[in-house]
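Here's the structure we're looking at; comments come further down.
The values are calculated or read from the model by the stated rules, or taken from the named source; none is laboratory data. Since we're looking at a predicted model, the values are computed, not measured. In this analysis, Cβ positions are derived from the backbone assuming ideal geometry, glycine residues included, and neighbour counts consider all displayed protein chains. The protein model used for the area step is the full one, side chains on, heavy atoms only, and it has no ligands, DNA or RNA in it. Shrake-Rupley method; radii C 1.70, N 1.55, O 1.52, S 1.80 Å.
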Amino acid sequence: MVKRLQELADLLPGARLLGGDAEITSIERDSRRIGEGALFVCISGAHVDAHSFIPNAARAGARAILTERETVDVPDGLSVLHVQDLQAALDVIVPYFYDYPARSMRVIGITGTNGKTTTSYLVRAILRHAGKRVGLIGTIQIMMEDEVFPTANTTPDVIVMQQLLAEMRARSMDTVVMEVSSHALDQGRVAGIEFDTAVFTNLTQDHLDYHKTMENYARAKARLFDLVSEAGTKAGKTAVLNADDAASATMRAHTRCPVISYGVESKADLTARDVHLAQDGMELTLVHGEAEPVKLHIGLTGLFNVYNVLAATGAALAEKMPAADIAAALCAFTGVPGRFELVRAGQDFSVIVDYAHTPDGMENVLRTARAVTAGRIIAVFGCGGDRDRTKRPIMGRIGAELADIVVLTSDNPRTEDPAAILDEVETGVLPVIGAKPYEKLVDRRTAIFHAIGRAKAGDTVVILGKGHENYQILKGGTIHFDDRETAREAIGGL
Ligand SMILES: CC(=O)N[C@H]1[C@@H](OP(=O)(O)OP(=O)(O)OC[C@H]2O[C@@H](n3ccc(=O)[nH]c3=O)[C@H](O)[C@@H]2O)O[C@H](CO)[C@@H](O)[C@@H]1O[C@H](C)C(=O)N[C@@H](C)C(=O)N[C@H](CCC(=O)O)C(=O)O
Ligand SMILES: Nc1ncnc2c1ncn2[C@@H]1O[C@H](COP(=O)(O)OP(=O)(O)OP(=O)(O)O)[C@@H](O)[C@H]1O
Ligand SMILES: N[C@H](CCC[C@H](N)C(=O)O)C(=O)O
Ligand SMILES: [Mg+2]
């Protein structure tokens, strides 16, 4: 990809180009990714100011910088593109630079508090069963067909996003399925993407540290439905909405394209009945209008996963996938890493590792565990640091109400004092814990060993919050940590 700096400047009213035109071969916002000919975008972030990396960028071969700062010292030979509003400038020039890759493929965006990753994996499985070449962008990883790439965010920033989409175009992906976080919608990470199908899973409390109110949070999510409604270069757009979630009204108010609704309680285009849960899967019957109802057995469990199955089916129908492929792919689906994942190491009790890190997620998972457990529920959980503090006591209360034994422990404390986080969670635990056994163990490994040590035949140990994560983020740095691995070790030591 090569474009002239002047060409980019011409797209931006009020932009000033200092130091002369130059040929640009990439756009980067991280000095560590700069190569020969790059335009280095200087963002003053939450932790560091990228202007301080200009010398590094120059040494690495940057040709120019993009900034909204009036005066910037740059080494000789580096041009400066000055703009009034950096984010607005990126919205325009990044998709242009990469020749709007999203226009070359179908784009399915999934938003909502919980269920995005699970739904995206289900959609990917259905599309692939129907013979499509599928890219996936989300929390766990990025995939292009079977090839896997790591990711730092659920939805990458606008630059990495356009680079990924350009790579997917080069590899002839037919469709990209992506999780679209509220942060992404708020920060313009999906600028320049024309969505074909937009899916809403649900809205419950999370991220109030960032959005402040549930109204702002809902408004950020609704942005995806503005985007899917925009007239662009594509035809056949659809919004897939959860009829049982009150926030769908907000999403619908932003939608100006056809809607497929799904639900279990309310009247909807797509529903499920005859749901039978087991620990390692469930049966359900999918009902879509006048079509013959389809009975499925799938390797996911819990009513919340019925919603994910319906959301994914809605997206597949919007993408005109044949009913036979939908049913066959769902029946062959075996689960998502770290989502209600069973750890089997020959023990006579169950161990489930799950990514629930919101009040609603916890409630769903603990209720599901209860429904499929004969003995007691032992819950191990905490809350992430540097994130929504108001969810801590709520999660504490839910854990104490729904489990029989509670082991409070650290999630990813990040820069916070781990013990202080647990104290905040505990304010929700204490009023409802009564005589139930309760421990507060800051070290997650000790907590998992403790919980597994208490388990008896027929019990279920539910380890919540970190799911697929194979690390723990502490003040001193990030360490290797995997709940599944630790649980296996603990079982092995019994
Ligand atoms: C609050 C927030 O959204 N922060 C995001 C933001 O970081 P930032 O701009 O504040 O970054 P910074 O670390 O201060 O760095 C500033 C600039 O200096 C640059 N830099 C930095 C170091 C260096 O050596 N050289 C260099 O050039 C950085 O590339 C950056 O451009 O931009 C980064 C690049 O896109 C993101 O990775 C980062 O996400 C952080 C890691 C994060 O934790 N975000 C969470 C809140 C988030 O976005 N979560 C949602 C998921 C929510 C959900 O699914 O429930 C997500 O989509 O991931
Ligand atoms: N539809 C749902 N409704 C409520 N809770 C759910 C739903 N689906 C999954 N969960 C719970 O939320 C956890 C996270 O699920 P998943 O990873 O699919 O969601 P996500 O929206 O991608 O989360 P994140 O925002 O962190 O990326 C699961 O481990 C489960 O506990
Ligand atoms: N174990 C996690 C889950 C984080 C989920 C993530 N999507 C976010 O909140 O950004 C934590 O709280 O650290
Ligand atoms: Mg996710």
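Within region 32-53, can one find any residue that is touching a residue at least 60 places away in the same chain (Cβ under 8 Å) and open to solvent by less than 10 Å² (accessible area, probe 1.4 Å)?
yes
Answer yes or no as to whether SER104 is touching a residue at least 40 places away in the same chain (Cβ under 8 Å) and open to solvent by less than 10 Å² (accessible area, probe 1.4 Å).
no
Return only the number of the condition from (1) within 16 Å of ligand 2 (Cβ to nearest atom); (2) over 30 Å from THR285 (Cα atoms) that TYR262 does not satisfy.
Condition not satisfied by TYR262: (2).
Being over 17 Å from GLY314 (Cα atoms), within 11 Å of ligand 1 (Cβ to nearest atom) and among the polar types (S, T, N, Q) is true for just one of THR233, THR250, THR213, THR155. Which residue is that?
THR155
How many residues are open to solvent by less than 30 Å² (accessible area, probe 1.4 Å) and either within 12 Å of ligand 2 (Cβ to nearest atom) or touching a Cys at 6+ places or on another chain (Cβ under 9 Å) (or both) when one looks only at region 141-157?
Residues in region 141-157 being open to solvent by less than 30 Å² (accessible area, probe 1.4 Å) and either within 12 Å of ligand 2 (Cβ to nearest atom) or touching a Cys at 6+ places or on another chain (Cβ under 9 Å) (or both): 1 in total.
Filter region 64-76 for residues that are open to solvent by 80 Å² or more (accessible area, probe 1.4 Å) and modelled with pLDDT of 95 or more and give the result.
Correct list: GLU68, ARG69.
More than 28 Å from THR204 (Cα to Cα) and modelled with pLDDT of 95 or more: which single residue out of LEU136, LEU86, LEU122 fits that description?
LEU86
Any residue at all in region 125-136 that is within 14 Å of ligand 1 (Cβ to nearest atom), crowded, with 24+ Cβ neighbours inside 10 Å and not assigned by the TED database to the domain that holds ARG29?
No, that holds for no residue.
Are any of the residues in region 10-27 open to solvent by 30 Å² or more (accessible area, probe 1.4 Å), assigned to a helix (DSSP H, G or I) and under 28 Å from HIS183 (Cα atoms)?
Within region 10-27, not a single residue is open to solvent by 30 Å² or more (accessible area, probe 1.4 Å), assigned to a helix (DSSP H, G or I) and under 28 Å from HIS183 (Cα atoms).
Determine which single condition ASP209 fails, assuming it passes every other condition in (1) surrounded by 18 or more Cβ atoms within 10 Å (Cβ to Cβ); (2) within 15 Å of ligand 2 (Cβ to nearest atom).
(1)
Return yes or no: is GLY115 open to solvent by 10 Å² or more (accessible area, probe 1.4 Å), touching a helix residue (DSSP H, G or I) at 6+ places or on another chain (Cβ under 8 Å), touching a residue at least 40 places away in the same chain (Cβ under 8 Å) and within 16 Å of ligand 3 (Cβ to nearest atom)?
In short, yes.
Conditions tested, residue by residue: (1) more than 18 Å from HIS254 (Cβ to Cβ); (2) surrounded by fewer than 18 Cβ atoms within 10 Å (Cβ to Cβ); (3) in contact (Cβ under 8 Å) with a residue 40 or more places away in the chain.
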site: ARG171; (1), (2), (3): yes, yes, no
site: ASP174; (1), (2), (3): yes, yes, yes
site: ALA191; (1), (2), (3): no, no, yes
site: PHE195; (1), (2), (3): no, no, yes
site: PHE200; (1), (2), (3): no, no, yes
site: THR213; (1), (2), (3): no, yes, no
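Count, please, the residues in region 305-331 that happen to be in a helix (DSSP H, G or I) and either among the basic types (Lys, Arg) or under 22 Å from GLN279 (Cα atoms) (or both).
Here the count works out to 13.
Of all residues in region 377-418, which are farther than 23 Å from ASP443 by Cβ and of a type in the set (Lys, Arg)?
Answer for region 377-418, where residues must be farther than 23 Å from ASP443 by Cβ and of a type in the set (Lys, Arg): just ARG397.
Return a yes/no flag: does region 255-276 have any residue that is open to solvent by 10 Å² or more (accessible area, probe 1.4 Å), among the charged types (D, E, K, R) and on the phi > 0 side of the Ramachandran plot.
The answer is yes; a qualifying residue exists.
Determine the pairs where a residue that is within 25 Å of THR113 (Cβ to Cβ) and hydrophobic (A, V, I, L, M, F, W, C), located within region 132-156, has a partner that is open to solvent by 40 Å² or more (accessible area, probe 1.4 Å) and not in a loop (DSSP other than H, G, I, E, B) with Cβ atoms under 7 Å apart, the partner being 6 or more residues away or on another chain.
Within 7 Å, the pairs are VAL134/ARG128; ILE142/PHE149.
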